[in-house]
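Asks: Quick one: this structure, given as structure tokens, is what I'll be asking you about.
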Number of protein chains: 2
Amino acid sequence: MTNIEPIKAFMEPKSIALIGVSRNTGEDSFNILENLLHYGFSGKVFPVNPSADQILGIKSYPNVKDIPEDIDIAVIASPRSTVLNLVKECADKHVKGIVIVAQGFADGDEEGNAMQREMVKTAREAGARIMGPNSLGIANSFCNLNTSFAFSKMDKVPVGIICQSGLFFPGPPRLILAAKAIDLGNACDIDVSDGLEYFETDPDIKLITLYIEGIKDGRRFIDVARRVAKKKPIVALKSGRGEYGAIASKSHTGSLAGRDEIYDAVFNQCGVIRAADIEELTDLARTFSCLPLIKGRGIGIISMSGAGGVIAADMCQQHKLDVAELSSETLAQVKRLFPPWLAISNPFDAWPAFQVSGRPYKEVVSRAFNLMLADESVNGIVFISGIFGKQESWDISQAILQAVDAVKNKPVVCWLYGDHDDVQAKLEESGKVAVLPSCERAVRALARLREYTEFLEKNP
Amino acid sequence: MTNIEPIKAFMEPKSIALIGVSRNTGEDSFNILENLLHYGFSGKVFPVNPSADQILGIKSYPNVKDIPEDIDIAVIASPRSTVLNLVKECADKHVKGIVIVAQGFADGDEEGNAMQREMVKTAREAGARIMGPNSLGIANSFCNLNTSFAFSKMDKVPVGIICQSGLFFPGPPRLILAAKAIDLGNACDIDVSDGLEYFETDPDIKLITLYIEGIKDGRRFIDVARRVAKKKPIVALKSGRGEYGAIASKSHTGSLAGRDEIYDAVFNQCGVIRAADIEELTDLARTFSCLPLIKGRGIGIISMSGAGGVIAADMCQQHKLDVAELSSETLAQVKRLFPPWLAISNPFDAWPAFQVSGRPYKEVVSRAFNLMLADESVNGIVFISGIFGKQESWDISQAILQAVDAVKNKPVVCWLYGDHDDVQAKLEESGKVAVLPSCERAVRALARLREYTEFLEKNP
């Protein structure tokens with residue numbers, strides 16, 4: 001049986017001790033307490049600082065053991081030389097979970113390594129769990145909690161992230177829009193599989209993203225990831241791929257990167273979709289969290305630009321999708337929209353159709369979507385379009401959304417260029433269509449969605 | 001000897017006839033004449049429209065032959081059925097260059113193919129040249145000229161583009177920032193090699209970008225591209241790579257795409273840098289037009305994020321760059337900036353150094369740049385940083401630019417995230433540093449710059 005109580009204590013704490021919190025506040029002070037007050041965290045917060053009576057109006061304690069109430073989690077943000085002793089004090093206090101922010105443990109020298117082993121031993125003996133060290137801790141926008149020193153906007157999106165770096169944590173970078181986050185840091189105790197098991201049954205989370213540099217317990221990861229991936233998509237960025245990266249990741253999170261081909265094989269076996277780079281991780285978080293599964297490889301391409309159609313067709317081939325062969329019924333109807341000399345129907349060349357029709361562009365787009373989506377050979381749509389003005393005639397969002405609503409089970413990805421901000425915002429707000437930053441990335445996202453759908457088809 | 005007079009007539013015309021220009025003006029009218037007047041084109045413009053006496057206050061002629069002056073170029077923007085006759089009239093008028101906007105020739109059916117052959121024959125007999133058909137024509141911001149129907153801002157950047165699609169032409173998409181553009185369309189006469197020869201000796205242009213679907217005269221391309229690439233970098237996006245793309249490009253520009261491996265080999269032989277996708281084409285246009293050559297494979301990585309350092313190291317390996325081994329002198333100095341437990345010096349981990357120093361972040365960045373750039377094993381820098389506020393302490397632009405100025409011959413690429421808009425704008429305005437949209441793309445751009453430098457080293 002899965003036991004998610006330990007990680008639940010981190011993710012949904014009733015009481016937090018902030019050990020080593022600073023009295024500095026305001027700009028550039030990176031004060032965790034100040035941030036928590038801003039978010040409106042609903043649990044109790046206890047600053048621990050030996051040289052302050054109160055911080056930001058809240059009573060402060062010289063030692064965690066002086067706090068007169070039970071503590072779910074403690075966040076230790078003080079230099080590494082102080083950490084072992086503080087962990088001991090937390091253990092004595094029966095704190096359930098300890099976040100360690102300090103660096104210089106397995107990510108540092110042999111002395112740091114020894115300290116990391118010691119802190120795990122201390123915590124285990126007391127039944128406490130450790131997140132980190134070298135971690136920003138946890139974020140949970142559903143209870144206004146974020147233990148990062150960098151102030152962040154809270155987003156209630158159905159995405160959870162498990163990462164080994166602040167770069168992917170909700171904060172100023174906001175590379176991945178996530179509502180809940182777990183920064184494993186060096187992952188000396190709480191690891192990626194614990195995070196996966198927490199998100200597995202979390203009703204707030206539909207999609208799980210990972211940034212990892214190494215996995216210690218591979219066997220458990222395979223068991224857990226394979227089970228969880230059947231319920232929710234898991235998208236992973238794994239770094240430390242080559243020799244240079246392995247050296248750097250050893251120094252960054254103390255991770256043993258391992259052979260990259262093995263990770264490829266493991267992810268493939270578990271149905272974990274591997275992102276090639278940071279941009280693909282963000283693309284897939286966006287795409288997987290709003291699109292339905294894609295039930296085949298047949299793609300309809302609708303493009304205002306001929307070159308866009310050619311490039312999208314190239315990308316379909318590269319990513320093992322098919323440019324769908326339209327049925328003779330669809331072909332007959334599509335041909336009526338085109339000038340008589342136009343030889344091809346998929347990609348659907350929207351500009352000549354617009355020129356011939358003499359009608360507003362959005363009507364051409366509407367016809368193209370309805371015809372393509374109705375064709376059985378088309379499992380999903382790639383739409384490419386320039387938007388040439390703020391006029392109503394260029395607002396194609398309704399045309400697209402109506403066509404999508406009429407079919408529902410076929411995913412649509414878009415690449416828009418020109419004066420497209422308003423149209424893009426409307427499409428994204430609908431939560432029904434994914435807008436990607438380039439033609440190639442739009443096709444790639446659809447291909448990864450097909451990869452995940454195939455995993456589910458083969459592993460029902 | 002190269003004869004660039006024909007293409008010069010297109011690029012620097014003194015007089016333009018606009019055949020088939022509409023009387024509709026304002027929003028959504030896509031009126032070329034209206035656009036030219038907005039740009040302030042300095043040459044003479046003659047509208048040709050059989051049913052108007054004047055358009056936008058300018059005298060209009062029923063036929064190009066009625067214009068009482070010599071015409072350098074004519075832009076034919078009327079349906080394909082009218083084009084052959086209009087080309088004949090332009091030939092009779094001794095127009096030097098004819099841009100044909102209409103579609104439906106080699107990009108259409110057999111009838112269109114026959115018409116295309118016929119128009120080439122007619123023009124050749126009269127000594128006129130054709131650009132297109134299926135072309136937006138030319139743009140030259142140095143004489144406020146752009147024959148596209150879509151209104152565009154004019155940028156005097158040292159970049160020229162030769163393309164087979166309006167998608168890459170200066171206009172609303174503005175994918176590539178270019179001052180001069182040649183849209184070959186179906187390339188029935190003027191082709192990519194003509195464009196290369198024009199830019200070869202053009203003092204305004206330092207970098208040439210290409211979007212092509214097919215090259216008809218491969219032998220000439222190899223001769224010309226190889227010669228030009230030794231003087232100016234050429235960056236190419238070639239589509240129609242697979243079977244699907246080849247079918248689509250046949251219908252888009254009538255191009256026979258050819259086997260993709262052959263293009264790889266040709267580009268490689270000629271020193272043409274091949275971009276993988278639209279984003280790489282834009283990245284390389286930006287990077288190559290502002291950075292010096294990179295004289296070796298040794299890269300210094302300075303990163304605020306440990307994960308950024310790991311990913312950059314991975315990318316160096318993937319793109320055949322080296323994470324530089326710093327000299328013992330540099331190592332000794334770098335170590336003094338770090339906490340004692342930090343094991344690695346390249347990637348340079350800027351966050352612990354910042355924490356240890358207690359000094360403004362920009363001072364840490366300055367020290368890191370100066371140390372890395374002074375090391376002989378470092379040929380170029382990848383810099384990764386979050387910007388956490390608008391405060392002066394976060395403005396690292398001066399720190400970077402001073403370090404770059406002190407060395408000059410080592411390229412710097414940056415990936416910035418967070419609150420980085422102002423810093424990025426300052427760096428880009430300097431024209432000395434390239435800021436790329438992701439960590440991976442920053443390293444990739446540097447690798448392509450190394451590829452080009454190696455071509456020059458091997459082909460002096």
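Asks: To the nearest Å, what is the center-to-center distance of the stretch B:85-143 and the stretch A:379-452, using C-alpha atoms only?
Replies: A separation of 36 Å, based on Cα centres.
Asks: Just grab the label-to-label distance for A:Val356 and B:Ile58, each label 7 Å out from Cα along the Cβ direction, in nm (one decimal).
Replies: Distance between the two pseudo-spin positions: 3.2 nm.
Asks: Which percent, to the nearest 5, of DSSP beta bridges fully inside the protein assembly as shown are antiparallel?
Replies: 15
Asks: Hand me the GluC sites (Glu not before Pro) from the stretch B:205-306 located in a DSSP loop with no more than 12 other Cβ atoms within 10 Å, in residue order please.
Replies: The qualifying sites: there are none.
Asks: Would you calculate, for the protein assembly as shown, the mean residue ellipticity at 222 nm contributed by helices, counting each DSSP H stretch of 4 or more residues as -39,500 (n - 2.57) and dividing by all residues, to the nearest 500?
Replies: -12000 deg cm²/dmol
Asks: Each residue of the stretch B:312-323 in turn: what ³J(HN,Hα) in whole Hz from Karplus with 6.51, -1.76, 1.60 and θ = phi - 60°, glycine and Pro shown as x?
Replies: Once rounded to whole Hz, the list reads 4, 5, 4, 5, 4, 4, 4, 9, 6, 9, 10, 6.
Asks: In addition: Starting from the amide H of B:Asn146, placed 1.01 Å from N in the peptide plane, find each other amide H under 5 Å away whose residue is 5 or more places distant or on another chain.
Replies: HN-HN under 5 Å from B:Asn146: B:Asn140.
Asks: At what distance in nm do the modelled label points of A:Ala406 and A:Lys390 sit from each other, each positioned 7 Å from its Cα along Cα→Cβ?
Replies: 3.1
Asks: Could you tell me the relative contact order of chain A? Use alpha-carbon pairs under 8 Å, at least six residues apart, and round to a whole percent.
Replies: 10
Asks: To continue, here is another question. Mind pulling the per residue volume of the convex hull built on the Cα atoms of the stretch B:58-161? Å³ is fine.
Replies: Taking only Cα atoms, the stretch B:58-161 has a hull volume of 122 Å³ per residue.
Asks: Using alpha-carbon positions, what is the distance between the centroids of the stretch B:290-330 and the stretch A:303-373, in Å?
Replies: 44
Asks: While we're looking at this one, here's another question. Could you list A:Phe168, A:Phe338 in order of exposure, starting from the residue whose Cβ has the fewest other Cβ atoms within 10 Å?
Replies: A:Phe338, A:Phe168
Asks: Would you grab the residues whose amide H sits under 5 Å from the one on A:Gly298? Only those 5+ places off in sequence or on another chain, please, with H modelled 1.01 Å from N.
Replies: For A:Gly298, whose amide H was placed from the backbone, the distant partners under 5 Å are A:Asp322, A:Asn379.
Asks: Can you give the local net charge around B:Glu12? Use residues other than it whose beta-carbon is closer than 12 angstrom to its beta-carbon, Lys and Arg +1, Asp and Glu -1.
Replies: Here the charged neighbours net out to 0.
Asks: At a Förster distance of 45 Å, what's the computed FRET efficiency of B:Asn24 paired with A:Ala276, Cβ-Cβ distance as r, to 0.05?
Replies: 0.45
Asks: Separate question: Round to the nearest 10 and give me the degree value, 0 to 90, for the angle of helix B:421-430's Cα axis relative to the longest principal axis of chain B.
Replies: With rounding to tens, the tilt is 70 degrees.
Asks: For the stretch A:37-131, run through the GluC sites (Glu not before Pro) and keep only the ones in DSSP coil with at most 11 other Cβ atoms within 10 Å of their Cβ.
Replies: Sparse-neighbourhood loop GluC sites (Glu not before Pro): A:Glu69.
Asks: So if I average 1/r over every pair of distinct C-alpha atoms in the stretch A:298-458 and take the inverse, what Kirkwood radius in Å does that give?
Replies: About 15.6 Å, per the Kirkwood formula over Cα pairs.
Asks: Next question. Nothing charged except the Cβ atoms of Lys and Arg (+1) and of Asp and Glu (-1): what's the magnitude of the dipole of chain B about its Cα centre? Round to the nearest 20 debye.
Replies: So the dipole magnitude of chain B works out to roughly 840 debye.
Asks: Once you order the gyration tensor axes a ≥ b ≥ c over the Cα atoms, which shape class does the stretch B:134-210 get: rounded for a/c under 1.5, otherwise prolate or oblate by comparing a/b with b/c?
Replies: Oblate, because a/c is 1.5 or more while a/b does not exceed b/c.
Asks: If neighbour count is taken as other Cβ atoms inside 10 Å, put A:Phe142, B:Phe455, A:Phe199 in order from fewest to most.
Replies: Ascending Cβ contact count within 10 Å gives the list A:Phe142, B:Phe455, A:Phe199.
Asks: In the stretch B:68-82, whose amide N lies under 17 Å from the spot 7 Å out along Cα-to-Cβ of B:Glu118? List them in ranges.
Replies: Backbone N within reach: B:78-82.
Asks: If I model a spin label as a point 7 Å beyond the Cα along the Cα-Cβ vector, how far apart are those points for B:Gln398 and B:Lys14 in nm?
Replies: Once both label points are built, they end up 5.2 nm from each other.
Asks: Enumerate the calculated ³J(HN,Hα) couplings along the stretch B:48-60 in order (Karplus 6.51 cos²θ - 1.76 cosθ + 1.60, θ = phi - 60°), each rounded to whole Hz, writing x wherever the residue is Gly or Pro.
Replies: Listing the rounded values in order: 10, 7, x, 10, 9, 8, 8, 10, 6, x, 10, 4, 10 Hz.
Asks: Now, a different point. Quick one: Debye curve from the alpha-carbon atoms of the protein assembly as shown only, equal weights, vacuum; give me log10 I(q)/I(0) at q = 0.06 Å⁻¹ to two decimals.
Replies: Cα-only, vacuum Debye calculation for the protein assembly as shown: -0.47.
Asks: Quick one: putting +1 on the C-beta of Lys and Arg, -1 on the C-beta of Asp and Glu, what dipole do you get for the stretch A:20-120 around its Cα centre, in Debye to the nearest 20?
Replies: 280
Asks: Additional query: Rounded to whole Hz and in sequence order, give me ³J(HN,Hα) for the stretch B:174-191 from the Karplus expression 6.51 cos²θ - 1.76 cosθ + 1.60, θ = phi - 60°, writing x for Gly and Pro.
Replies: Each residue of the stretch B:174-191 in turn: 6, 5, 10, 6, 9, 8, 10, 9, 10, 9, 6, x, 6, 6, 6, 9, 4, 10 Hz.
Asks: In Å and on Cα atoms, what radius of gyration and Dmax does the stretch B:52-111 show?
Replies: Calculated on Cα positions, Rg and Dmax stand at 12.9, 41 Å.
Asks: Another question about this same structure. What's the exposure ranking of B:Trp351, B:Trp394, A:Trp415, going from fewest to most Cβ atoms within 10 Å?
Replies: Listed from fewest to most nearby Cβ atoms, that is B:Trp351, B:Trp394, A:Trp415.
Asks: Using r as the Cβ-Cβ distance of B:Lys320 and A:Thr82, and R0 as 45 Å, what FRET efficiency do you calculate, to the nearest 0.05?
Replies: 0.50
Asks: Further question on the same structure: By the scheme Lys and Arg +1, Asp and Glu -1, what is the net charge of all other residues having a beta-carbon under 12 Å from that of A:Cys414?
Replies: +3
Asks: Can you give the net charge of the other residues whose Cβ lies under 15 Å from the Cβ of A:Leu373, counting K and R as +1 and D and E as -1?
Replies: +1
Asks: May I ask which of B:Lys362/B:Lys408; B:Lys153/B:Lys206; B:Lys14/B:Lys230; A:Lys8/A:Lys153; A:Lys410/A:Lys458 have a Cα-Cα span longer than 25 Å here?
Replies: B:Lys14/B:Lys230
Asks: In the stretch B:359-411, which GluC sites (Glu not before Pro) are in a loop and have at most 12 other Cβ atoms within 10 Å, using DSSP for the loop call?
Replies: Filter output for the stretch B:359-411: B:Glu376.
Asks: How much FRET efficiency would the formula 1/(1 + (r/R0)^6) give for B:Glu110 and B:Arg220, where r is the Cβ-Cβ distance and R0 is 22 Å, rounded to 0.05?
Replies: Computed FRET efficiency for B:Glu110 and B:Arg220: 0.20.
Asks: With the Cα gyration tensor of the stretch A:5-288 in hand, give its eigenvalues times 5 under a square root as the equivalent ellipsoid semi-axes, listed largest first in whole angstrom.
Replies: Over the Cα atoms of the stretch A:5-288, the ellipsoid semi-axes are 30, 21, 17 Å.
Values in this text are rule-based calculations from the coordinates and carry no lab data. Keep in mind that what you see is a predicted model, and the values were worked out from it rather than measured. Positions of Cβ are generated from backbone atoms using ideal geometry, with glycine treated the same way; all protein chains shown enter the neighbour counts.
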